[in-house]
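Notes for the one structure printed next.
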Amino acid sequence: MNIAVLRIGHRLVRDDRTTTHVALVSRSFGCNILYMTDVNDDIKSTIDDVNNRWGYASNFKIEIVKNWRNTILNWKKNGGIVIHLTMYGLNVDDIISKIKNSSNDILIIVGAEKVPSEVYKLSDYNIAVSNQPHSEISALAIVLDRIYEGKQLKLNFESAKMKIIPSIKEKIIEKNNYLCNTEL
Ligand code: SAM
């Protein structure tokens, strides 16, 4: 099952940090692609740099799209499911098993500012992580966790130049087959 994220409504500069974090969650949890409607080359190059150093679990990339509506319509045309994260939706735990059981590819839409009402109608499911205002980064992470059932925490990242050796008290990194104990 391929999972893509569509970020709608990124406000240049103001939302840069949040969108970078949406990208980091998507990448580290094994999504395939983040579609963005507004160009910010800094976010793309940050993620390219992270991929280059820390490797690939899913060939994650960022793609800039001109028209979010076409991205949604094409996704549906190709048989994929579209879910939109919003506090007005159905509680994630009441609907997630239906979505997972379909085993279709999933496009997850997250907003920044107010999302156009058309998105609610075009989406197959409007899903809430509690019906309270939340953070899109957190909502995305929780929904992905429900879909991947925790397996996303143990992904293998190929072609990594750096790999962390988990440690209780130290910072240990494997670089070019050498173990480095970095400064705390
Ligand atoms: N103020 C904006 C509005 O009125 O629509 C929403 C801002 S909110 C921080 C940004 C995004 O976070 C939303 O578009 C939605 O995707 C996500 N979000 C916020 N609360 C959520 C919730 N309870 N469940 C799921 N997603 C949520």
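Couple of notes before you dig in:
- Semi-axes of the equivalent ellipsoid of segment 53-102 are 24, 18, 13 Å, computed as sqrt(5λ) over the eigenvalues of the C-alpha gyration tensor in descending order.
- 20 Å Cα-Cα threshold exceeded, pairs from 44/77; 76/121; 61/161; 76/98: 44/77
- Those trypsin sites (Lys or Arg not before Pro) in segment 93-184 that DSSP places in a loop and that have at most 10 other beta carbons within 10 Å: 114, 169
- Inter-label distance, nm, simple model (7 Å from Cα along the C-beta direction), residue 173/residue 67: 4.4
- Taking amide H as placed 1.01 Å from N in the peptide plane, the amide H of residue 107 sits under 5 Å from that of 4, 81, 82, 83, each at least 5 places away or on another chain.
- Cα long-axis angle, helix 92-102 against the chain (0 to 90 degrees, to the nearest 10): 90
- Angle in degrees between helix 41-54 and the longest Cα principal axis of the chain, rounded to the nearest 10: 50
- The chain: antiparallel DSSP beta bridges as a percent of all, rounded to 5: 30
- Low-density loop cleavage sites - trypsin sites (Lys or Arg not before Pro) in segment 1-69, where at most 11 other Cβ are within 10 Å (DSSP): 14, 66
- Per-residue ellipticity at 222 nm, computed for the chain from helices alone with -39500 (n - 2.57) per DSSP H run of at least four residues, works out to -11000 deg cm²/dmol.
- Within straight-line reach of residue 169, meaning a Cα separation under 21 Å, sit the following lysines at least 8 residues removed in sequence or on another chain: 154.
- Divide the volume of the convex hull around the Cα atoms of segment 3-183 by the residue count and you get 136 Å³ per residue.
- For residue 100, the aspartates and glutamates whose Cα comes closer than 16 Å to its Cα, not counting residues fewer than 8 places off in the same chain, are 124, 145, 149.
- About the Cα centre, charge dipole magnitude for segment 3-183 (Lys/Arg +1, Asp/Glu -1 at Cβ), debye: 200
- Solvent-free Debye scattering, log10 I(q)/I(0), computed from the Cα coordinates of segment 41-134 at q = 0.19, 0.22 Å⁻¹: -1.05, -1.17
- Sequence-separation-based contact order of the chain, relative, with Cα cut under 8 Å and 6+ spacing, percent: 26
Just so you know, all these numbers are worked out from the coordinates, no wet-lab data involved. Computed from a prediction, not measured in an experiment: that's the story for all the values here. FYI the Cβ positions are ideal-geometry reconstructions off the backbone, even for glycines, and counts take in every protein chain you see.
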